[in-house]
Structure formats: C-alpha cells, structure tokens
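Asker: Let me give you the structure first, and then I'll get to my questions.
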Amino acid sequence: MSQGTKPARQERSRQTRDRLVAALDTRLREKPFADITIAELAQAADLSVGAVYRRFENKDAFIPVIFELYSTRLDAFMSGEGRVEVDPAAGLRSALHKACGAAWQFLVRHGYLVRAAHLYARLRPDLIGDDWEELLGQARQSAATLLELFGDEVKRRDADEASQMFTYLMNTLPIERALYREEGAAVVLTISDERFVAAIADTLYGYLVTAD
C-alpha cells in the first residue's frame, strides 16, 4: 500500500465532513433541525446519501455538530468584532450597555444556531457532553471578572450569586426576545430592539448596584 493512500483518504474524509457541516449550517438557517432530512443534507453537500451515512451513523450524530458550529462562531465573534473593550473610567453602566449590545448582535446574526444549540442541550445532553457546562462556566467566570473590575460600584455582597444572576439574565432575556419574538412573554413587547437591549443593561445595572 502506498504511504500516501492513508493521508489522502483522511483528507477526503475531512473534506466530506466539512461539506456536510456547511450543508447543515445552510439548512439550519432555513428550518429547524427536526425538519431537516439526511437526503437534504446530502443534496446540499453534493454527496450521496450513502456517503453521509458512512461519515455519520444517523441524524442524531449531527447534534454535536450543531454545538460545534455554535461554539466556533461564538469564539470567533467574542475574539473579533464582538470583543468588548471595557473602560473602567466610564463606569459599570457603560460596560453593561456594551456587553448587552455585543450579545444582541451575536443573537441577531447567529440566532438560528443559538436556538438549535439551546434546544438540543436540553433534549439530548448525552450527545453534547460536558462542553455545554464548560461554556456556561466560562460565561460565569467572565461575569465574575467584569463585576470584580467594578467592585466599587457593585453592592451585592455575594459575588458568586451576583455572577450567576448576571449570566442568567444576560442569556435569558435577550434569547427570549431574539429567538421567540412571537411566543411567550416576548409577544407583549412593542419597544424597539435598541430600547430593549438598553433596558436589559439598565436592569442588570439596577440589580448590581442595589444592596441586598
């Protein structure tokens, strides 16, 4: 057997996977994962159905890929255009408005991935593994770092509790509006997205600077 055969085969396998990941990303922009078929993914990737099953055992095997896409996009966003440059001299309220604005921008752009990742983190945690908890842990750590930076303004005595609430509200409130605008409590909102995001920042600010 030629020494080049195995690397060539590995490269073809990688290319096949990349095409299927791109196909999944495209289809998720159009419809929920539950409505996507293997045949659709094969067609979008210009592959046979058999080629898909040789790379992925079944449709559920794509669920970790959803999280992979979400995590990759989030990392790229937060290290790039979504990076929040905090100016301690500008104060906590200004930092919160910047952070909320960045979070909203990501949701608007990648909401289809966020929705799928959140859904299947609940429905199939066995397929997601520990990565989801690790991501949440990183979010709490980022919150703790931000609140420590503005320790002179934050009045909450329990720093860990404040970080938990900050992480929860920063995720729950924007997601409710961005992903489920026509469902649940979000349907009562008639204010603009800009005012909504500003209100979240001010809500967080009010909580953090109010002594418990």
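Asker: Which shape class, rounded, prolate or oblate, goes with the range 164-212 when its Cα gyration tensor gives a ≥ b ≥ c as root eigenvalues, a/c under 1.5 marks rounded, and past that a/b bigger than b/c marks prolate?
Answerer: Prolate shape, in that a/c is at least 1.5 and a/b is the bigger ratio.
Asker: Just to compare against my own numbers: the Cα pair-distance distribution for the range 5-56, 10 Å bins, whole % per bin, please.
Answerer: Percent of Cα pairs in each bin: 26, 51, 18, 4.
Asker: Related question: Provide Ile66, Ile38, Ile191 in ascending order of the number of other Cβ atoms located within 10 Å of each residue's Cβ, fewest first.
Answerer: Ile191, Ile38, Ile66
Asker: Another question, if that's okay. Going toward the positive end of the dipole of the chain, with +1 on Lys and Arg Cβ and -1 on Asp and Glu Cβ, which of Ala178, Ile63, Val52 do you reach last?
Answerer: Ranked along the dipole, the leading option is Val52.
Asker: Taking 1 over the mean of 1/r across every pair of different Cα atoms in the range 60-129, what Kirkwood radius in Å do you get?
Answerer: That comes to 13.4 Å for the range 60-129.
Asker: I've got another one for you. Would you mind estimating how fast the range 90-135 diffuses translationally, via Stokes-Einstein at 10 °C and 1.306 mPa s with the Kirkwood radius over Cα pairs, in µm²/s?
Answerer: Taking Rh from Cα pairs, D becomes 128 µm²/s.
Asker: Hey, how many Å between the Cα centroid of the range 75-138 and the Cα centroid of the range 171-212?
Answerer: 15 Å
Asker: So what is the diffusion coefficient of the chain in µm² per second by Stokes-Einstein at 37 °C and 0.692 mPa s, using a Kirkwood Rh over Cα pairs?
Answerer: 169 µm²/s
Asker: Once the Cα atoms of helix 63-79 and of the chain are each reduced to a long axis, what angle between those two axes, in degrees from 0 to 90 to the nearest 10, is obtained?
Answerer: 50 degrees
Asker: Sticking with this structure for a sec: On a 0 to 90 degree scale, rounded to 10, what angle separates helix 193-208 from the longest Cα axis of the chain?
Answerer: Around 60 degrees separate the two axes.
Asker: Can you give me the angle between helix 131-149 and the longest principal axis of the chain, using Cα atoms only, in degrees from 0 to 90, rounded to the nearest 10?
Answerer: Around 30 degrees separate the two axes.
Rule-based calculations on the coordinates, nothing more; no lab input. Quick caveat: nothing in here was measured; it's all calculated off a predicted structure. Reconstructed Cβ throughout: ideal geometry from the backbone, glycine too, with neighbour counts over all protein chains shown.
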